[in-house]
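The values are calculated or read from the model by the stated rules, or taken from the named source; none is laboratory data. Computed from a prediction, not measured in an experiment: that's the story for all the values here. Glycine gets a Cβ as well: all are built from the backbone with ideal geometry, and neighbour counts include every protein chain shown.
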């Protein structure tokens with residue numbers, strides 16, 4: 001056992017034995033026992049990522065904050081979103097379901113006489129090059145996320161859900177995971193479909209998700225931080241992404257859709273490298289989407305989508321001064 005991973009393995013073993021297996025037994029789901037350890041392991045990785053993100057981003061936000069708020073209770077619900085996503089739902093979705101779907105599809109493809117798709121079969125020079133292959137996975141997944149994100153702003157019904165993410169006027173590194181469950185579900189299916197298409201191994205898939213989500217958390221931080229002329233064009237910075245959340249960028253008129261790499265915004269002419277740290281929020285959103293409880297925000301998102309599909313539009317928003 002690798003000494004570097006021993007603490008994670010130990011914690012995952014305890015979580016599996018004392019929490020997951022008893023829960024599976026009580027629910028009559030012991031057929032999931034074989035993946036229980038993997039689920040536990042990546043829940044531990046997720047919790048570790050939350051701690052690392054907190055340790056890095058909180059000092060940055062206190063060092064050079066873009067905004068200071070006398071009352072930041074609206075951020076509390078974002079913390080709940082993060083814990084639910086990184087420690088609760090994320091390990092379940094990224095390991096258990098991805099593993100199950102990949103096993104099923106691989107078996108079905110093989111039984112029909114086909115070869116399961118992998119990026120190494122398209123580009124043989126990647127065989128035996130795990131680091132390079134991993135980097136290419138990151139580029140492909142980030143490209144797909146750019147278009148998923150851009151489409152979520154293009155279609156009104158979709159943006160009515162995605163607007164929950166944009167409604168926060170007190171954006172911090174906790175804000176990355178404040179998404180509607182339906183929006184998250186669409187995003188996960190999209191992400192998983194691309195990952196299956198290029199043949200990402202099950203054990204690498206959660207690691208890729210964790211890496212991408214860490215950069216995205218940093219990009220939401222309430223900090224005056226940019227990476228210089230060259231760095232801004234290599235990795236999405238807090239300043240670059242803040243323009244996407246700016247008040248004037250809500251809805252269809254948005255910019256800077258990239259999650260990790262700004263290359264796609266540059267390629268498709270949606271990049272804005274302006275130097276302003278603009279206030280955030282969506283003026284069209286109901287107040288509950290900005291400051292409501294988790295349950296209230298989820299319900300409000302569904303109502304807004306129903307109104308949009310029915311052609312009634314969004315309700316007038318009673319917003320306070322975002323600055």
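The figures follow:
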| quantity | calculated |
| --- | --- |
| Failed item, numbered, when residue 116 is tested on (1) exposed (fewer than 15 other Cβ atoms within 10 Å of the Cβ); (2) under 27 Å from residue 255 (Cβ atoms); (3) modelled with pLDDT under 90 | (2) |
| Scope the stretch 204-225; condition part of a loop (DSSP other than H, G, I, E, B) and more than 15 Å from residue 57 (Cβ to Cβ); matching residues | 204 |
| Hits in the stretch 260-269 - residues which are part of a loop (DSSP other than H, G, I, E, B) and closer than 19 Å to residue 229 by Cβ | 260, 261, 262, 269 |
| Unmet requirement for residue 189, which otherwise passes all of (1) closer than 28 Å to residue 76 by Cα; (2) touching a helix residue (DSSP H, G or I) at 6+ places or on another chain (Cβ under 7 Å); (3) part of a helix (DSSP H, G or I) | (2) |
| The listed residue being more than 15 Å from residue 142 (Cα to Cα), within 12 Å of the chain's Cα centre (by Cα) and free of Cβ contacts under 8 Å to residues at least 60 places away in the same chain, out of 165, 180 | 165 |
| Selection count, the stretch 22-52, where residues are touching a helix residue (DSSP H, G or I) at 6+ places or on another chain (Cβ under 6 Å) and without any contact (Cβ under 8 Å) to a residue 24 or more places away in the chain | 3 |
| Top-ranked residue in the stretch 119-175 [being more than 19 Å from residue 287 (Cα to Cα) and part of a loop (DSSP other than H, G, I, E, B); ranked as modelled with the highest pLDDT] | 155 |
| Test: residue in the stretch 233-248 that is modelled with pLDDT under 90, part of a helix (DSSP H, G or I) and more than 30 Å from residue 114 (Cα to Cα) | yes |
| Hits in the stretch 273-290 (condition: closer than 18 Å to residue 221 by Cα and in a loop (DSSP other than H, G, I, E, B)) | 273, 274, 275, 276, 277, 278, 279, 281, 282 |
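This table checks each residue for (1) within 20 Å of residue 204 (Cα to Cα); (2) over 23 Å from the mean Cα position of the chain (by Cα); (3) surrounded by fewer than 18 Cβ atoms within 10 Å (Cβ to Cβ).
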site: 14; (1), (2), (3): no, yes, yes
site: 27; (1), (2), (3): no, yes, yes
site: 42; (1), (2), (3): yes, no, no
site: 69; (1), (2), (3): no, yes, yes
site: 72; (1), (2), (3): no, no, yes
site: 81; (1), (2), (3): no, no, no
